Amino acid sequence: MAETLAAPATDAHHDDHGHGHTITGISNEKLAMWLFLGSECLLFGGLISTFLLYRKKLNSFPGFENAEISKLGAQLFDIPFTSVSSFVLLMSSLTMVLAVSSLQRRDEQRMRIWLLATALLGASFIAGQIYEFTAFVKEGLGFTTNIFSSAFFTLTGFHGAHVVIGIIILMTMFAMSLQGRLGPERAEALEIAGLYWHFVDVVWVVVFVVVYLIK
Amino acid sequence: MRAGGWRVGQGDDKLSATVNGRNGDHDETRGWENSMIGRKRRTGALATSLIVLAMVALTGCGSDGRPLTTLDPRGQASTDIHKLVVPVFIVAGIVFVFVNLGVLFVAIKFRRKDEDEFPEQVHGNTKLELGWTILPAVIMAGIAVGTIATLFNIANEPDDIAQDFEVTVVGQQWWWSFEYDLGRDGTIDFVTASEMVIPTGTPVKITTTSRDVIHSFWIPALNGKKDAAPGRNHPFWLNADAPGRYLGQCTEFCGLSHGYMRMLVEARDQGDFEAWVANQMKPAAIPAASDEAARRGLEVFTGACTSCHQVQGVNSNDCTPITSASQYDVAKNTCWVGAQPYAGAAQVSGYAPDLTHLMSRYLFVGALYDLRGPTTGELNRAELEGWIRNPDDYKPMLPEATGDNKYGRGMPKVPLTEDQIDDLVAYLSTLK
Amino acid sequence: MSTTTETTHGDHGAAHEEHPNRDMTYVKVAIILAAITGLETFTYFESVFDFGAALVPVLLVCMTAKFYLIAAYFMHLRWDKPVLRRAFLTGIVIALSVYAVTLAAFKFFGEGMPR
Amino acid sequence: MAIVEREPLALTTGEPSNGSLEPLGVLARPSTKTGWRSWVSTVDHKKIGIMYGVTALFFFFVAGFEATLIRLQLAQPNGTVLSADLYNQVFTMHGVTMVFLVIMPMAAAFANYLLPLQVGARDVAFPRLNALSFWLFLFGGVFLNTSWVIGGGGPDCGWFCYAPNSGVVFSPTAGVDYYTLGLLITGVASSIGAINLIVTVLNLRAPGMSLFRMPVFTWMQLVVQMLLLFSLPVITVALFLLTFDRLFGANFFNVAQGADPLLWQHLFWIFGHPEVYILILPSFGIVSEVIPVFSRKPIYGYPFMVFSGIAIGFMGWGVWAHHMFASGIGPISVAAFSLATMFIAVPTGVKILNWMATMWGGRIRFTTAMLFAVGLVAMFTIGGLSGVTHSVAPADTQQTDTYYIVAHFHYVLFGGALLGLFSGMYFWWPKAFGHFLDEKLGKAHFWLMIIGFNLTFGPMHILGLQGMSRRIQTYQATDGLTFWNRVATFGVFVIAAGMLLFLYNIGSSYRSWKAAGRPNPGADPWDSRSLEWSIPSPTPEHNFDTIPTVRAADDFWHRKYGEDEHGRAVRIAATEDVVQKGDATGVHLPSPSYYPLVLAAGLPFIGYGLIFNLLLVIPGALLVLWGVYGWAYEPSTEPDDHHGDHGTAAAAHEEETSVG
Ligand code: HEA
Ligand code: HEA
Ligand code: CUA
Ligand SMILES: [Cu+2]
């Protein structure tokens, strides 16, 4: 048999340190989450582009330049209010990362507190969004009012749905932690949930600027 | 129902007779022999390409009897396209022959003959492979140059474009209307359906749009397609080298009767065209008292048909029947899309073909049926009666708003007696 | 917040060196993020300060900075394997280019939008 | 032996394995390895692959039947086989079914079966998610097809379903709702599958299997899954917008409100063009495996093959508007997309020529698999070249929406994708089922397919250039299109004969194999090159006794052959000595589960609920919840299945993120 074939495989590296037990050293779950987030960029990109296009279209649509209709557009935004809820969501990212950090350092008690704080901040963001939506509907800007409103509610609604799912994940993890099923050995699971949470925050960073601030 | 002898696409010699101009004073010699339909293939047009010739030979010679063929251009734009595509076909043909003969050759030459023999283990040859990466790139670059040149050539309006009028082509389920704007001042002067008439020689400025869904305007002999999309106005132009009648087909799937949505462009000499325009500008005359059948027909018509159809001189501006011709003012007519800045589609075709000069057309119902004999100009009474009697026999439509289908599209079956139908036809045949 | 750092670190010591304590970093990043958000919100009050033509660029820079900070620090991309960064970046790059081209095809950029 | 045993790997996520967690709910795990229960609860990538294949083949007959109806209707002018309304539904469902329920899942069948084997893994990264993908696809496909029977007929908007014609005003029946919701369901299936397979390929490669030692098939699938990952969200957006318009009165395609109908077209084709490369690249991969084996030469220019595949994947993102040359996007956009499209011919040409170069100087064995592979090279080229003529934008304005386009895409889809998939079937059949398909019948099948295919679609080039529009339910006697339409209709019966022969072949090959006492084809019946051939046929449940260590591309081949001084292959080891025996025991494998099935079964209910009655959403949502929580509380591996002596890299992972 040829020498080369019998020789030990030199490049069969077993870098089993850290989390990785895979050839790349990255866990399957983490890689999967990042791939998922990559694909979510295309989803939100599509929704944001639709919104941008239709906001501009509505403004140049004949008969829609008048004040009454534009009142049913971006003029309704309550920027100070939205800034506060953006800030709330931003801070939930901090509490999230602190929760992960706590678990990595085996401080489960603190982790649970941060986790709960994150979920609460997320929930207050959602509450703010519900308030905003109802205010718009009261002003006469419903989902079916015009192309702007359909695009606006769809975009922010998709984001809101992501936040809600995130809250459910966080609360599930909180419950698991209480059951003792989320020990430090599963810190990576929490980290991955955190990736999702931060991504949802990052999407809002974009939405806040592109939808609310740029006119 | 679709009697063969009446079909426009018929390539028979008997159709080569002269057709009299509607106004009689124009002895039009354009006739069928000048039209692309039934005309002999232009000699030499395809001789440039062996491969295309082979293909054409395969298809059984040129455009004979093929009113929609793309291989027989009759306008400036279509000719430009043709000149571009023929070399591309040749290149493709060469690559095709090369690859397929190559595969055949390799397959035969390198068959295994001996169980145990092993070929040389070649892993590749970077230079060679780079070669056949670069070579196609170079070929494609060549094609790209021609493509871009032709593209902008066609996209830009030609300098000699007709200045005295333009046409808005409006698609709707499942027929076309053509709104003529004389003087290009933004007001529509008259409207035709199914058939559009242009002068020869001069390119005509066209805008395509739609009242409901997306359609596509395509006269293969004259130019490529241009979609007609609701809420959008797409610039386009057409010209025909010679007088003739050029068939077209809607080519964007637009629902139930998409396959039955055709149109015809008729090119006329300048003078002939002007006469046609002058006639179209005239409102329809109220039938003389002596013509009792037509008079009765007009009554039926205003009762049963004017809710959808327009006859200038009969309908008012707001599309309800009027009593005198003086109430008619085309400039203020708001029933037509294009009479004002386009403000979105009505989403559903609430409009029906303008019938003012119905008898100036040869085809009707989506240019699918002969209204008048192509040679004789004689009314095809059976088809017209049949259509009025039961439109659904002629074309699948959804005229009735039923259940989920909230809006009707197409022409309904109007409950009429046979006598009434006769009277209607008598009236319609006065709409010269 | 800052106390978190010391206690947890003291408790568990060197056994978990693969998880360096970055809590202070996170807090700092959060402060910067908050500051940028403040600036963003500030642009809304045109009566106080008018950014004029610079408004959109300023906002976009703020947005990108926030995006970067969250992705790099909170999502650990700074410290994680490059494959993950590439997976995410591929998504972002495709999304940005594809949708930018789409909007351009609608004549979104520039003045007016002919129908 | 040379195979280095890989160390058993621990669970990455530290799922407690003390057995304290009782599986929850009524669906106790089946313990049988055979019978229908073993199929509906399986998480084995091989069984899932086979189920994908069977389902796709079934749908092929459905869509082929629809195609036959189309051809019968068009056999003569003013055909009366179908009404206009039915015709529109039939061609829509034909296209949708062929694309989403035939070619994609058939390619997924190969990906599922082969990727773990080719990279040297015991299963995919997330076996239960893999099962979920399959069930979602199956239920989505069935859901789509139930539109024929429940709810007023199939979608009637064409496979790209342009707005506003697909809006509720113009298509008031529920057909289009089936389209949007059905494609959303199958889209979720493909997205999950894409993530799963990418992770599998990146993470679970055997030691030494660097990226550039992976078989070309694996590479092409990797590109395909990346394309899916990033393109599916785009059509998801489009489908959601249309659904919201139709069901909840949104205005995305309401032109009267100022919406732009071109928005749908852009979103659809941003997905749609990558999609056509999603359809073809798996077949390119298959052919790149088959041709070297039967030419007894390595693939010519491996790096070029890989990079051209990647290049096609990337360029595929920049050309979508070539489907919109006539749509009125303006000359500058048209010019840009026209140029971008042309240059896709370059990487594709590299592939064609490299395949020819692989055969060049080889010792070619014309097995059925090889015939189909060579058929692809020849036939795909024709389709590719007509594609190039479309990319010339001004010319395309004469061609678009005519049968010339129909000819183009059938040449690339049938003459490319489908022929490649058949090649793969004949090639890997013994690996999957332990017996060959009959070669004589196979060759007859091939020739019937090739002849029938050219008879059917060759004339469409002519018809299209002669002005026959697509999607017309009939044409006129005076259009001069009758003759070639007749030929095309005749052709489809030749194809159908070929397909019936294929069915017969499956049955008769099995029977004669049984009658002959089930002879085993051996691990490596074709003298092949990649890892899946180093393990017995049919593949044992645990795939590899020991995970191999890889030293080169075509590692398995190099265990059998060295090279002499003339570069000729010389045998250095008997095949029997280098293949694995498949007799390992106690390999730790993921346990079967019913929950993927339960979860997936909920979605059609939600779909029907949205269409008919929101009350139906409740049982659907309950099924989904049951699935999710049953799943979350069920350890992916039974504690008592834990034998521990052969860990596996992948199989035992708990997917904790799947809760969300
Ligand atoms: C398997 C799927 C598949 C593949 C691989 C392709 C490949 C290509 N396609 Fe095709 N296409 C479709 C599936 C596919 N297509 C479908 C389904 C539609 C219609 C959708 C619908 O409307 O319903 C469509 C429609 C379509 C259009 C729109 C037509 C229209 O509607 O107006 C265009 C336009 O440019 C196009 C172009 C191309 C090109 C340039 C390639 C290239 O990738 C081809 C490259 C290959 C070669 C060129 C051959 C080999 C090369 C050589 C041997 C090298 C030398 C060659 C030269 C120098 C020329 N395709
Ligand atoms: C992979 C994709 C794929 C495949 C394999 C096919 C296969 C076939 N296609 Fe399809 N086709 C499409 C994808 C595909 N098609 C798409 C995407 C469209 C566009 C749709 C749209 O416009 O929206 C289309 C459109 C399309 C049209 C245009 C319709 C129109 O525009 O009006 C036509 C017309 O002839 C056609 C014909 C055929 C035929 C005859 C086959 C044959 O090859 C089928 C052969 C198979 C069988 C015959 C079945 C197997 C055998 C049996 C079941 C045995 C029993 C047989 C009988 C009972 C007869 N197809
Ligand atoms: Cu109008 Cu097709
Ligand atoms: Cu394409």
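The values are calculated or read from the model by the stated rules, or taken from the named source; none is laboratory data. Note that the structure is a prediction, hence the values are computed from the model and not measured. Cβ placement follows ideal geometry from the backbone for every residue including glycine, while neighbour counts extend to all protein chains displayed.
Within region D:225-246, is there a residue that is in a loop (DSSP other than H, G, I, E, B), buried (at least 24 other Cβ atoms within 10 Å of the Cβ), at pLDDT 95 or above and not basic (Lys, Arg)? Scanning region D:225-246 turns up no residue that is in a loop (DSSP other than H, G, I, E, B), buried (at least 24 other Cβ atoms within 10 Å of the Cβ), at pLDDT 95 or above and not basic (Lys, Arg).
Residues in region B:222-251 that are more than 27 Å from D:Gly258 (Cβ to Cβ), within 16 Å of ligand 1 (Cβ to nearest atom) and assigned to a loop (DSSP other than H, G, I, E, B): B:Asn223, B:Gly224. Note on region A:126-151: among residues that are surrounded by 15 or more Cβ atoms within 10 Å (Cβ to Cβ) and without any contact (Cβ under 8 Å) to a residue 24 or more places away in the chain, the one that is nearest to the other protein chains (Cβ to nearest Cβ) is A:Thr144.
Checked against (1) crowded, with 24+ Cβ neighbours inside 10 Å; (2) away from chain A (no Cβ under 11 Å); (3) out of contact with any Lys or Arg (no Cβ under 8 Å at 6 or more places or on another chain), D:Val176 passes all but condition (3).
Among the residues of region D:124-175, none is identified as under 16 Å from D:Ile195 (Cβ atoms) and within 15 Å of ligand 2 (Cβ to nearest atom). The C-beta contact set for region B:241-259 (first residue at the interface with another protein chain (Cβ under 8 Å from one of its Cβ atoms) and on the phi > 0 side of the Ramachandran plot, second residue within 14 Å of ligand 2 (Cβ to nearest atom) and of a type outside the set (Phe, Trp, Tyr), distance under 7 angstrom, 6+ apart or interchain) comprises B:Gly255/D:Asn165. Residues in region D:199-213 that are surrounded by fewer than 24 Cβ atoms within 10 Å (Cβ to Cβ) and more than 8 Å from every other protein chain (Cβ to nearest Cβ): D:Leu211, D:Phe212, D:Arg213. Out of B:Asp185, B:Asp181, B:Asp164, one residue alone is touching an Asp or Glu at 6+ places or on another chain (Cβ under 9 Å) and either more than 12 Å from chain D (Cβ to nearest Cβ) or without any contact (Cβ under 8 Å) to a residue 12 or more places away in the chain (or both). It is B:Asp181. Considering region D:330-344 alone, what residues qualify as being of a type in the set (A, V, I, L, M) and either within 16 Å of ligand 3 (Cβ to nearest atom) or surrounded by fewer than 23 Cβ atoms within 10 Å (Cβ to Cβ) (or both)? Correct list: D:Ile332, D:Ala335, D:Ala336, D:Leu339, D:Ala340.
Against the condition small (Gly, Ala, Ser), crowded, with 19+ Cβ neighbours inside 10 Å and touching a residue at least 12 places away in the same chain (Cβ under 8 Å), how does B:Gly171 come out, does it pass? Yes.
Identify all residues within region B:203-221 that are under 21 Å from B:Ser360 (Cβ atoms) and either assigned to a loop (DSSP other than H, G, I, E, B) or within 16 Å of ligand 4 (Cβ to nearest atom) (or both); write none if there are none. Of everything in region B:203-221, just one residue is under 21 Å from B:Ser360 (Cβ atoms) and either assigned to a loop (DSSP other than H, G, I, E, B) or within 16 Å of ligand 4 (Cβ to nearest atom) (or both), namely B:Ile219. The set of residues in region D:477-517 that are more than 16 Å from ligand 2 (Cβ to nearest atom) and either small (Gly, Ala, Ser) or under 28 Å from the mean Cα position of the chain (by Cα) (or both) comprises D:Ala477, D:Gly480, D:Ser508, D:Ser509, D:Tyr510, D:Ser512, D:Ala515, D:Ala516, D:Gly517.
Within the option set B:Phe118, B:Phe89, B:Phe96, being at negative phi, facing chain D (nearest Cβ under 7 Å), at pLDDT below 90 and surrounded by 13 or more Cβ atoms within 10 Å (Cβ to Cβ) holds for one residue only, B:Phe118. May I ask you to verify whether D:Ala67 is away from ligand 4 (no atom under 16 Å from the Cβ) and either in contact with a strand residue (DSSP E or B) (Cβ under 6 Å, 6 or more places away or on another chain) or within 24 Å of D:Ser190 (Cα to Cα) (or both)? Against the criterion (away from ligand 4 (no atom under 16 Å from the Cβ) and either in contact with a strand residue (DSSP E or B) (Cβ under 6 Å, 6 or more places away or on another chain) or within 24 Å of D:Ser190 (Cα to Cα) (or both)), D:Ala67 does not qualify. If the condition is being surrounded by fewer than 23 Cβ atoms within 10 Å (Cβ to Cβ) and more than 7 Å from every other protein chain (Cβ to nearest Cβ), then region A:96-113 contributes A:Glu108, A:Gln109, A:Arg112, A:Ile113. In this structure, is D:Gly301 away from ligand 4 (no atom under 16 Å from the Cβ), of a type outside the set (S, T, N, Q), closer than 22 Å to D:Ala378 by Cα and at pLDDT 95 or above? When the stated conditions are applied, D:Gly301 does not pass them. Entry remark, region D:532-552: residues being within 14 Å of chain A (Cβ to nearest Cβ), under 22 Å from D:Lys297 (Cα atoms) and of a type in the set (A, V, I, L, M, F, W, C) number 2 in total. Candidates in region A:1-58 are the residues that are facing chain C (nearest Cβ under 9 Å), closer than 24 Å to D:Val124 by Cβ and at pLDDT below 50; of these, the one that is surrounded by the fewest Cβ atoms within 10 Å (Cβ to Cβ) is A:Gly18. Going through region C:67-88 one residue at a time, which ones are more than 7 Å from chain A (Cβ to nearest Cβ), under 25 Å from A:Phe87 (Cα atoms) and not aromatic (Phe, Trp, Tyr)? Matches in region C:67-88: C:Leu69, C:Ala72, C:His76, C:Leu77, C:Arg78. Of the residues that sit in region A:175-192 and are more than 7 Å from every other protein chain (Cβ to nearest Cβ), part of a helix (DSSP H, G or I) and not acidic (Asp, Glu), which one is nearest to A:Leu43 (Cα to Cα)? Checked region A:175-192; the qualifying residue nearest to A:Leu43 (Cα to Cα) is A:Leu190.
When region B:363-380 is filtered for residues that are part of a loop (DSSP other than H, G, I, E, B), away from chain D (no Cβ under 13 Å) and at negative phi, the ones remaining, listed by number, are B:Leu371, B:Gly373, B:Thr375, B:Thr376, B:Glu378, B:Asn380.
Pairs are defined by a Cβ separation below 8 Å, a sequence spacing of at least 6 or placement on different chains, a first member in region D:461-485 that is in contact (Cβ under 8 Å) with a residue 60 or more places away in the chain and within 20 Å of D:Asn88 (Cα to Cα), and a second member that is part of a helix (DSSP H, G or I) and among the charged types (D, E, K, R); the pairs so defined are D:Gly467/D:Asp479; D:Met468/D:Asp479. Residue under question is D:Thr402, and the condition is that it be more than 21 Å from the chain's Cα centre (by Cα) and within 16 Å of ligand 3 (Cβ to nearest atom); does it hold? Considered against the rule, which asks whether it is more than 21 Å from the chain's Cα centre (by Cα) and within 16 Å of ligand 3 (Cβ to nearest atom), D:Thr402 comes out as yes.
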